[in-house]
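J.: I'd like to ask some things about the structure below.
The values are calculated or read from the model by the stated rules, or taken from the named source; none is laboratory data. The structure presented is a predicted model; accordingly, all values stated were derived computationally and were not measured. Using ideal geometry, Cβ is built from the backbone for each residue, glycine included, and neighbour counts are taken over all protein chains shown. With ligands, DNA and RNA removed, areas are computed over all heavy atoms of the protein, side chains included. Shrake-Rupley method; radii C 1.70, N 1.55, O 1.52, S 1.80 Å.
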Amino acid sequence: MKSPLLSLPGAVPAEGADEGVAAHYGDLFREQRALADGTGFVDLSHRGVVTVTGDDRLSWLHLLLTQHVSDLPTGQATEALILSANGHIEHALYLVDDGTTVWAHVEPGSQEALIAYLESMKFFYRVEVADRTADTALVHLPAGSIAQAPASAVVRETPYGRDLFLPREELEAFAAEAGPAAGILAHEALRVEQHRPRLGFETDHRTIPHELGWIGTAVHLQKGCYRGQETVARVQNLGKPPRRLVFLHLDGSEVHLPPNGAEIRLADDGPDGRKIGFVTTSVRHHELGPVALALVKRNVPVDARLMAEETAAAQETVVEP
């Protein structure tokens, strides 16, 4: 979906996974500071929107998701994952139930595969799954924002702000009232600062929830059976994940940020040392400077000096070894 807000003054289109919305509107750090101060909004209308309706929607989703949702209160936000049979993360859903419908936003372009899986699991349950991406735009109001949500919007309120499921035809009118607009790069910078993983960025084909700290926020350890639960329980009770998420402070003298996938090595081993991890997201933060999230092997010492390609990096622990 290409957002009409790309016509706003200064809008520079995002590329890659976030194509379709603005990377920024001319001043990345100003936009970050505005969001940190609780003003403005972020256009996330490129994200997929999926709804589930029907009397069995919560009890049915409870069987499929890693999160406990059978008794999810109306209006309460939650996160959930769908895992493979081996416990690897396949989908991440950001949910709220409005009393008659479960609304979820997901990574851009992932809604078709998600819906195909959900449809295959309907059986005799009284549920209907729909792709609402074409008629519903997601926008984000930062924590502390006093902007009013339109009456037509479904609101998902989190500690990081409010996600609004907004009729797509109202997006431009909302932007005119809720500005200033901030681009996806500002939103990503705050996400990295908050150590929040994102599917397709902090994950690869073998990522399990423990590696990213998604236990608790997106995985409920006391709920019943779901696909991949055996892996979750085994790692939780008997072992440790093979990798762990870390937050990196990058050398600010470097002109270029290490890209997603940049190999990480121990600084003491030099450029020919063995790979011990990779950068997942790197950003320039308005206060912290260049920072990143990365996945490293669990046994990497927490005080080890690292190199992300040619960039020196100091780590902060996100997931305990």
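J.: Find the residue count for region 147-158, including only residues that are touching a residue at least 60 places away in the same chain (Cβ under 8 Å), surrounded by fewer than 18 Cβ atoms within 10 Å (Cβ to Cβ) and closer than 14 Å to residue 101 by Cβ.
T.: Of the residues in that region, 1 qualify.
J.: Moving on to the next point. For residues that are open to solvent by less than 10 Å² (accessible area, probe 1.4 Å), part of a loop (DSSP other than H, G, I, E, B) and among the hydrophobic types (A, V, I, L, M, F, W, C), tally how many sit in region 67-95.
T.: 1
J.: May I ask you to say which residue of 306, 293 is touching a Pro at 6+ places or on another chain (Cβ under 8 Å), crowded, with 19+ Cβ neighbours inside 10 Å and of a type in the set (A, V, I, L, M, F, W, C)?
T.: Details: 306 fails: touching a Pro at 6+ places or on another chain (Cβ under 8 Å).
From the options 306, 293, the qualifying one is 293.
J.: What are the pairs, 6+ residues apart or on separate chains, where a residue within region 24-50 that is surrounded by 21 or more Cβ atoms within 10 Å (Cβ to Cβ) has its Cβ under 6 Å from a residue that is basic (Lys, Arg)?
T.: Every condition considered, the pairs that remain are 49/132.
J.: Identify, please: which residue in region 36-60 is farther than 16 Å from residue 186 by Cα and charged (D, E, K, R) and is, among those, farthest from the chain's Cα centre (by Cα)?
T.: Residue satisfying both the conditions and the ranking: 55.
J.: Looking at residue 288 and the list (1) within 26 Å of residue 69 (Cα to Cα); (2) of a type outside the set (Gly, Ala, Ser); (3) in contact (Cβ under 8 Å) with a residue 12 or more places away in the chain, which single condition is not satisfied?
T.: Exception for residue 288: condition (1).
J.: Separate question: Which residues, counting only those in region 1-18, are touching a residue at least 40 places away in the same chain (Cβ under 8 Å), out of contact with any Asp or Glu (no Cβ under 6 Å at 6 or more places or on another chain) and part of a helix (DSSP H, G or I)?
T.: 17, 18
J.: Another question, then. Kindly state which strands (runs of 3 or more DSSP E) lie completely within region 212-321 and contain at least 1 residues that are modelled with pLDDT of 95 or more and of a type in the set (Asp, Glu). Outline the logic, then answer.
T.: On the way: elements: 243-250, 263-266, 277-285, 289-297, 306-308, 311-317.
It comes to 263-266, 311-317.
J.: Of all residues in region 159-187, which are under 16 Å from residue 143 (Cα atoms) and exposed (fewer than 15 other Cβ atoms within 10 Å of the Cβ)?
T.: Within region 159-187, 159 is the sole residue that qualifies.
J.: State the number of residues belonging to region 177-192 that are within 16 Å of residue 260 (Cα to Cα) and of a type in the set (Asp, Glu).
T.: Result for region 177-192: 1.
J.: Among the residues that make up region 92-106, is at least one of them under 22 Å from residue 166 (Cβ atoms) and charged (D, E, K, R)? Spell out how you get there, then give the answer.
T.: Restricting attention to region 92-106, the residues satisfying the condition of being under 22 Å from residue 166 (Cβ atoms) are 92-106.
So of that shortlist, the ones also charged (D, E, K, R) come out as 97-98.
Yes, region 92-106 contains a residue that is under 22 Å from residue 166 (Cβ atoms) and charged (D, E, K, R).
J.: Give region 200-217 a look and list any residue that's of a type outside the set (Lys, Arg) and either open to solvent by 10 Å² or more (accessible area, probe 1.4 Å) or touching a Cys at 6+ places or on another chain (Cβ under 6 Å) (or both), or say none.
T.: The first filter runs over region 200-217 and keeps only residues of a type outside the set (Lys, Arg), leaving 200-205, 207-217.
Once the filter is applied, which keeps residues that are of a type outside the set (Lys, Arg) and either open to solvent by 10 Å² or more (accessible area, probe 1.4 Å) or touching a Cys at 6+ places or on another chain (Cβ under 6 Å) (or both), region 200-217 yields 200, 201, 203, 204, 205, 208, 210, 213, 215, 216, 217.
J.: So, residue 119, is that one open to solvent by 60 Å² or more (accessible area, probe 1.4 Å), assigned to a strand (DSSP E or B) and either more than 25 Å from residue 31 (Cβ to Cβ) or modelled with pLDDT of 95 or more (or both) or not? It would help to see each step written out before you state the result.
T.: Working: open to solvent by 60 Å² or more (accessible area, probe 1.4 Å): yes; assigned to a strand (DSSP E or B): no; either more than 25 Å from residue 31 (Cβ to Cβ) or modelled with pLDDT of 95 or more (or both): yes.
No: the conditions fail for residue 119.
J.: Does residue 197 fit the bill of being open to solvent by less than 60 Å² (accessible area, probe 1.4 Å) and either among the basic types (Lys, Arg) or in contact (Cβ under 8 Å) with a residue 12 or more places away in the chain (or both)? Reasoning before the result, please.
T.: On the way: open to solvent by less than 60 Å² (accessible area, probe 1.4 Å): yes; either among the basic types (Lys, Arg) or in contact (Cβ under 8 Å) with a residue 12 or more places away in the chain (or both): yes.
Criteria met by residue 197.
J.: Using the structure shown, decide if residue 87 is touching a residue at least 60 places away in the same chain (Cβ under 8 Å) and at positive phi. Break it down into steps so the answer makes sense when it comes.
T.: Values: touching a residue at least 60 places away in the same chain (Cβ under 8 Å): yes; at positive phi: yes.
Against the criterion (touching a residue at least 60 places away in the same chain (Cβ under 8 Å) and at positive phi), residue 87 qualifies.
J.: Go through region 256-284 and give me each residue that's in contact with a helix residue (DSSP H, G or I) (Cβ under 8 Å, 6 or more places away or on another chain) and among the basic types (Lys, Arg).
T.: Scanning region 256-284 gives a single hit, 284.
J.: Let me ask another. Which of the numbered conditions does residue 109 fail, given that it passes all the others? Conditions: (1) under 23 Å from residue 223 (Cα atoms); (2) open to solvent by 20 Å² or more (accessible area, probe 1.4 Å); (3) of a type outside the set (D, E, K, R).
T.: Going through (1) under 23 Å from residue 223 (Cα atoms); (2) open to solvent by 20 Å² or more (accessible area, probe 1.4 Å); (3) of a type outside the set (D, E, K, R) one by one, residue 109 breaks only (1).
J.: While we're on this one: Tell me which residues, restricted to region 240-256, are within 25 Å of residue 214 (Cβ to Cβ) and open to solvent by less than 70 Å² (accessible area, probe 1.4 Å).
T.: Going residue by residue through region 240-256, those that are within 25 Å of residue 214 (Cβ to Cβ) are 240-250.
Across region 240-256, the qualifying residues are 241, 243, 244, 245, 246, 247, 248, 249, 250.
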